[in-house]
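Beneath this line is the structure, given in structure tokens, with notes to follow.
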């Protein structure tokens, strides 16, 4: 039987060896030099998209830095084309005036129509500036949701959620040792041995006693090693009743037209990012390691 240390070496080799690092530890930064970073803009965008998908609505989403320059953009299916331009206008207006665009729409509705003469000005609800420690670092604009009110709600949701984001821990490449007792304890309840980190991987001591939901991880490859028990895993095919549960996560009730595989002790399975998978049947207690590797992290320097 393969031992745990050899297992991790073997599984890591399937996605390529880590690239040696030099200099400061890798750190994911959402804000740098008073500006949204690329990671920060993508995070703000993801928060808005996640909420829009949860609501089942449409929309175009634009994230700009504090100067109004576009950093990130997305448009959901069935959103009218002009929403893209309007969303950018809202974001730029919120950034330039450092106020939510709903403020200007309200002023105009009260009779201050002279404001509409301003150049490059989009006084429609749905643009919200992002302030961090009192400093305006960027803004998001939303257009094309079910209503003007929902445009504004989605933008505010993203900004509020961004404020609760904790910075990702740095990748220090430190040796971590888990003795047998700790590992056995983790398997008894199913636990994460190594959590999400900037190195781009997680290690789970997973325990399953019943079928679960169908899953798709858009940006994670799962590397599984079965410790004990047997189960049936379905991969590929179509997810039934899919629902976005995160920026890169989809869950569903089952999978149709997939490929069934019987898993038993000693088996190793690699599920690439984006491939649907579902435990359709589990015999008793099924214990397995899962090493989750973020797409692209295996070769990042």
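Please treat every number below as a calculation from the coordinates, not as lab data. Everything quoted here is computed from the prediction, not taken from an experiment. Because the Cβ atoms are built from the backbone with ideal geometry, glycine has one as well, and the counts that use them run over all protein chains shown.
Data overview
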{"quantity": "Simple label model, 7 Å out from Cα along Cβ direction - residue 181 to residue 106, nm", "calculated": "6.0 nm"}
{"quantity": "Kirkwood Rh, Cα atoms: Rg over Rh of the range 107-263", "calculated": "1.13"}
{"quantity": "Exposure proxy order (Cβ contacts within 10 Å, fewest to most) of 70, 287", "calculated": "70, 287"}
{"quantity": "Net length gained if the chain between residue 257 and residue 218 were fully extended (0.36 nm per residue, minus Cα distance)", "calculated": "12.1 nm"}
{"quantity": "Kirkwood-Stokes translational diffusion coefficient of the range 183-301, alpha-carbon pairs, 37 °C, 0.692 mPa s, µm²/s", "calculated": "224 µm²/s"}
{"quantity": "Computed FRET value (nearest 0.05) for residue 82 with residue 265, which takes r as the C-beta separation and R₀ as 41 Å", "calculated": "0.10"}
{"quantity": "Estimated FRET transfer efficiency (residue 148, residue 38; beta-carbon r; R0 25 Å; 0.05)", "calculated": "0.25"}
{"quantity": "Expected-Rg normalisation [2.2 N^0.38 Å, Cα atoms] applied to the range 31-163", "calculated": "0.96"}
